[in-house]
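A.B. asks: Attaching a single structure in structure tokens format; questions to follow.
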Amino acid sequence: MTTILHLNSSVRSTDSISRQLTGEFVQKLQAAHPGARVIERDLAKQPVPHLSEQMMGAYFTPAEQRSDEQKRIVQLSDDLVAELLSADVVVIGAPMYNFSISSTLKAWIDHVARAGVTFRYNEQGQPVGLVNGKKFYVFTSRGGVYSSGPAKALDFHETYLRGVLGFLGITDITF
């Protein structure tokens, strides 16, 4: 059975182009894959917290040595990573805000980009992504033209997403 992770990060609940596009696309995926399981994660309606010193400390504490408080702190991140790893297809709605992604999508990335879990470093110190074999579709929306001309230098949106997803091992990405 196909599992689809559908992430929306637009702060707009109505009149959002990225929400409209991802919603229509997920419906088409479901039609093409009857019985597909869809995991909905709305990062605007249910934002994940930004990283804190306590979270980082918990992430870098070996699981068997974590206190009960650290286990509680890590649980959301573990759940988000499990959703990501269980998905065959990931559909992301990513509007551009101030030349990049929303802070809620960045917070989600901060929770799923975990050393030893979704990436590691090899003996030469090179990163190795551990999130493999998944198809990603990223629907972006922008209030201007950033693909060419003088504004192209301000597009940290798609370049950031390509970079961070590639760091995690995701190579099959369609924008």
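The values are calculated or read from the model by the stated rules, or taken from the named source; none is laboratory data. Owing to the predicted nature of the structure, the values given are computational and were not obtained by experimental measurement. Here Cβ is always computed from backbone atoms with ideal geometry, including for glycine, and neighbour counts include all displayed protein chains. These area figures cover heavy atoms from the full protein model, side chains too; ligands, DNA and RNA do not enter into them. Shrake-Rupley method; radii C 1.70, N 1.55, O 1.52, S 1.80 Å.
A.B. asks: Which one, GLY57, VAL131, ALA153, projects farthest toward the positive side of the charge dipole computed for the chain from Cβ point charges (K/R +1, D/E -1)?
C.D. replies: Among GLY57, VAL131, ALA153, the one farthest towards the positive end of the dipole of the chain is ALA153.
A.B. asks: Could you name the lysines whose alpha carbon sits less than 17 Å from that of LYS135, not counting residues in the same chain fewer than 8 places away?
C.D. replies: LYS28
A.B. asks: Roughly what % of DSSP beta bridges within the chain run antiparallel, to the nearest 5?
C.D. replies: 15 percent
A.B. asks: With a 1.4 Å probe and every protein chain kept in, tell me what percent of the accessible surface of the chain is carbon plus sulfur.
C.D. replies: Answer for the chain: carbon and sulfur cover 53 percent of the accessible area.
A.B. asks: Quick one: length gained pulling ARG120 to ARG162 fully straight, 0.36 nm per residue minus the C-alpha distance?
C.D. replies: That works out to 13.3 nm of additional length.
A.B. asks: If you work out P(r) over Cα pairs in 10 Å bins from 0, in percent from the coordinates, which of (1) 10, 32, 33, 19, 5, 1; (2) 9, 34, 36, 17, 3, 0; (3) 9, 38, 38, 14, 1 do you get?
C.D. replies: Matching entry in (1) 10, 32, 33, 19, 5, 1; (2) 9, 34, 36, 17, 3, 0; (3) 9, 38, 38, 14, 1: (2).
A.B. asks: Got a number for the accessible area of ILE73? Probe 1.4 Å, square angstrom, nearest 10.
C.D. replies: Counting only protein heavy atoms, ILE73 exposes about 30 Å² to solvent.
A.B. asks: Could you state the number of Å between the C-alpha centres of region 113-162 and region 51-103?
C.D. replies: 16 Å
A.B. asks: Also, I was wondering about something else. What is the distance, in nm, between label points placed 7 Å from the Cα along the Cα-to-Cβ direction at LYS28 and at SER52?
C.D. replies: Computed distance between label sites LYS28 and SER52 equals 4.2 nm.
A.B. asks: Just to confirm a number: summing +1 for Lys and Arg and -1 for Asp and Glu over residues other than LEU51 whose beta-carbon lies under 13 angstrom from that of LEU51, what do you get?
C.D. replies: With Lys, Arg at +1 and Asp, Glu at -1, the neighbours total 0.
A.B. asks: Determine the dipole magnitude for the chain: charges of +1 sit on the beta-carbon of Lys and Arg, -1 on that of Asp and Glu, nothing else is charged, the reference point is the Cα centre, and the result goes in debye to the nearest 20.
C.D. replies: Charge dipole of the chain: 340 debye, to the nearest 20.
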